[in-house]
Amino acid sequence: MYEISLSNSLSKAILKLCSNAGFDRVKRILIKIGGIRKVNPELMAFVFAGLTKNTPAEGAVLSVMMIPLTLKCNSCGRVASREDSELTCPSCGSRSVQILSGLELSIEGLEVEKDFYKHE
Ligand SMILES: [Zn+2]
(Lines give C-alpha, C1' and ligand atoms only; values in the text may rest on other atoms or scores of the structure.)
Protein backbone atom coordinates (compact mmCIF):
# COMPACT_ATOMS: atom_id res chain seq x y z
CA MET A 1 0.00 0.00 0.00
CA TYR A 2 1.25 3.38 -1.04
CA GLU A 3 -0.08 5.01 2.16
CA ILE A 4 2.47 3.12 4.27
CA SER A 5 5.55 4.31 2.41
CA LEU A 6 4.11 7.80 2.16
CA SER A 7 3.32 7.96 5.89
CA ASN A 8 6.73 6.55 6.63
CA SER A 9 8.58 9.27 4.72
CA LEU A 10 6.21 11.91 6.09
CA SER A 11 6.76 10.89 9.71
CA LYS A 12 10.54 10.81 9.16
CA ALA A 13 10.47 14.31 7.67
CA ILE A 14 8.30 15.63 10.51
CA LEU A 15 10.42 14.09 13.24
CA LYS A 16 13.59 15.43 11.64
CA LEU A 17 12.02 18.88 11.55
CA CYS A 18 11.08 18.54 15.21
CA SER A 19 14.57 17.61 16.34
CA ASN A 20 16.20 20.31 14.19
CA ALA A 21 13.84 23.06 15.29
CA GLY A 22 13.32 21.88 18.86
CA PHE A 23 9.58 21.35 18.55
CA ASP A 24 8.30 19.26 21.42
CA ARG A 25 4.86 18.57 20.15
CA VAL A 26 3.18 18.65 16.78
CA LYS A 27 -0.54 19.34 16.95
CA ARG A 28 -1.50 19.52 13.31
CA ILE A 29 0.15 18.80 9.99
CA LEU A 30 -1.21 20.11 6.71
CA ILE A 31 -0.09 18.21 3.66
CA LYS A 32 -0.93 18.52 -0.01
CA ILE A 33 -1.24 15.39 -2.09
CA GLY A 34 -1.86 15.40 -5.82
CA GLY A 35 -4.67 13.27 -7.23
CA ILE A 36 -2.28 11.23 -9.34
CA ARG A 37 -0.98 9.59 -6.18
CA LYS A 38 -4.28 7.83 -5.39
CA VAL A 39 -3.94 8.16 -1.63
CA ASN A 40 -6.70 7.32 0.82
CA PRO A 41 -6.43 10.14 3.42
CA GLU A 42 -8.16 8.17 6.21
CA LEU A 43 -5.85 5.22 5.75
CA MET A 44 -2.89 7.53 5.64
CA ALA A 45 -3.90 9.24 8.90
CA PHE A 46 -4.32 5.82 10.51
CA VAL A 47 -0.88 4.58 9.40
CA PHE A 48 0.70 7.89 10.40
CA ALA A 49 -0.81 7.70 13.89
CA GLY A 50 0.71 4.25 14.35
CA LEU A 51 4.14 5.34 13.16
CA THR A 52 4.33 8.38 15.42
CA LYS A 53 3.42 6.73 18.73
CA ASN A 54 5.80 7.88 21.46
CA THR A 55 7.23 10.67 19.32
CA PRO A 56 6.58 14.44 19.37
CA ALA A 57 4.08 13.89 16.56
CA GLU A 58 1.94 11.46 18.53
CA GLY A 59 -1.71 12.45 18.29
CA ALA A 60 -1.09 15.08 15.63
CA VAL A 61 -4.01 15.73 13.33
CA LEU A 62 -3.17 15.04 9.73
CA SER A 63 -5.05 17.40 7.43
CA VAL A 64 -4.75 16.18 3.88
CA MET A 65 -5.56 18.50 0.99
CA MET A 66 -6.17 16.49 -2.13
CA ILE A 67 -5.25 18.40 -5.27
CA PRO A 68 -7.19 17.17 -8.29
CA LEU A 69 -5.32 15.95 -11.31
CA THR A 70 -5.68 18.64 -13.98
CA LEU A 71 -4.59 18.03 -17.54
CA LYS A 72 -4.22 20.26 -20.57
CA CYS A 73 -4.66 18.44 -23.83
CA ASN A 74 -2.10 19.13 -26.52
CA SER A 75 -4.45 17.89 -29.24
CA CYS A 76 -7.75 19.68 -28.55
CA GLY A 77 -6.48 22.30 -26.10
CA ARG A 78 -9.01 21.53 -23.35
CA VAL A 79 -8.17 21.82 -19.68
CA ALA A 80 -9.94 19.25 -17.53
CA SER A 81 -9.54 17.59 -14.17
CA ARG A 82 -9.77 13.85 -13.78
CA GLU A 83 -11.13 11.88 -10.85
CA ASP A 84 -9.03 8.86 -11.77
CA SER A 85 -5.34 9.15 -12.56
CA GLU A 86 -5.50 8.34 -16.26
CA LEU A 87 -3.14 10.50 -18.25
CA THR A 88 -5.40 10.91 -21.26
CA CYS A 89 -7.65 13.76 -22.37
CA PRO A 90 -11.23 13.18 -21.12
CA SER A 91 -12.62 14.96 -24.21
CA CYS A 92 -10.76 13.46 -27.15
CA GLY A 93 -8.78 10.62 -25.57
CA SER A 94 -5.42 11.99 -26.66
CA ARG A 95 -2.38 10.79 -24.74
CA SER A 96 -0.53 13.99 -25.47
CA VAL A 97 -1.30 15.97 -22.32
CA GLN A 98 0.40 18.33 -19.91
CA ILE A 99 -0.08 17.87 -16.18
CA LEU A 100 -1.07 21.24 -14.70
CA SER A 101 -1.65 19.98 -11.16
CA GLY A 102 -1.99 16.72 -9.29
CA LEU A 103 1.65 15.77 -8.75
CA GLU A 104 1.93 17.59 -5.44
CA LEU A 105 3.33 15.97 -2.37
CA SER A 106 4.35 18.49 0.22
CA ILE A 107 4.14 19.56 3.82
CA GLU A 108 2.27 22.86 3.74
CA GLY A 109 2.15 23.71 7.39
CA LEU A 110 2.74 22.58 10.94
CA GLU A 111 1.10 23.61 14.16
CA VAL A 112 3.59 22.98 16.93
CA GLU A 113 4.32 23.67 20.56
CA LYS A 114 7.75 24.45 21.83
CA ASP A 115 8.87 23.70 25.34
CA PHE A 116 5.83 21.53 25.80
CA TYR A 117 7.61 19.24 28.21
CA LYS A 118 9.27 22.01 30.20
CA HIS A 119 7.48 22.73 33.43
CA GLU A 120 9.22 25.38 35.42
ZN1 LIG B 1 -8.14 16.45 -26.05
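The values are calculated or read from the model by the stated rules, or taken from the named source; none is laboratory data. On a predicted model such as this, the values are computed, not experimentally measured, just so you know. Counting neighbours? That spans all protein chains shown, and the Cβs are built from the backbone with ideal geometry, glycine included. Just the protein is used for accessible areas: all its heavy atoms, side chains included, with ligands, DNA and RNA removed. Shrake-Rupley method; radii C 1.70, N 1.55, O 1.52, S 1.80 Å.
At a probe radius of 1.4 angstrom, the accessible area of the chain per residue rounds to 61 square angstrom.
Computing FRET efficiency as 1/(1 + (r/R0)^6) for Ile99 and Cys76, where r is the C-beta to C-beta distance and R0 is 22 Å, gives about 0.85.
For Ile4, the accessible surface of its heavy atoms amounts to roughly 80 Å² (probe 1.4 Å, protein chains only, rounded to the nearest 10). In plain terms, the chain from Ala13 to Asn54 could stretch by 13.2 nm, reckoned as 0.36 nm per residue minus the Cα-Cα distance.
Within the range 15-120, the chymotrypsin sites (Phe, Trp or Tyr not before Pro) that combine a DSSP coil assignment with at most 14 other C-beta atoms in a 10 angstrom radius are Phe116, Tyr117.
Expressed as a whole percent, the accessible area of the chain that falls on carbon and sulfur atoms is 51 (1.4 Å probe). Compared with the dominant principal axis of the Cα atoms in the chain, helix 2-21 is inclined by about 50°.
Only helical DSSP H runs with n ≥ 4 go in: add -39500 (n - 2.57) per run for the chain, normalise by residue count and round the 222 nm mean residue ellipticity to 500 deg cm²/dmol. When only DSSP H runs of four or more count, the value is -8500 deg cm²/dmol. Of Gly109, Gly93, Gly35, the residue with the greatest mean-square motion in the GNM of the chain, using alpha carbon springs below 10 Å, is Gly93. Taking the Cβ of Glu111 as the centre, find all other residues whose Cβ is under 9 Å away and add up their charges (Lys, Arg: +1; Asp, Glu: -1). It works out to a net charge of +1. Computed from Cα atoms, the angle from the helix 41-51 axis to the main principal axis of the chain rounds to 30 degrees. Expressed as a whole percent, the proportion of Cα-Cα pairs in the chain lying more than 25 Å apart is 37%.
What FRET efficiency comes out for Lys32 versus Ser91 if R0 is 25 angstrom and r is the Cβ-Cβ distance? Round to the nearest 0.05. Working from the Cβ atoms, E equals 0.40.
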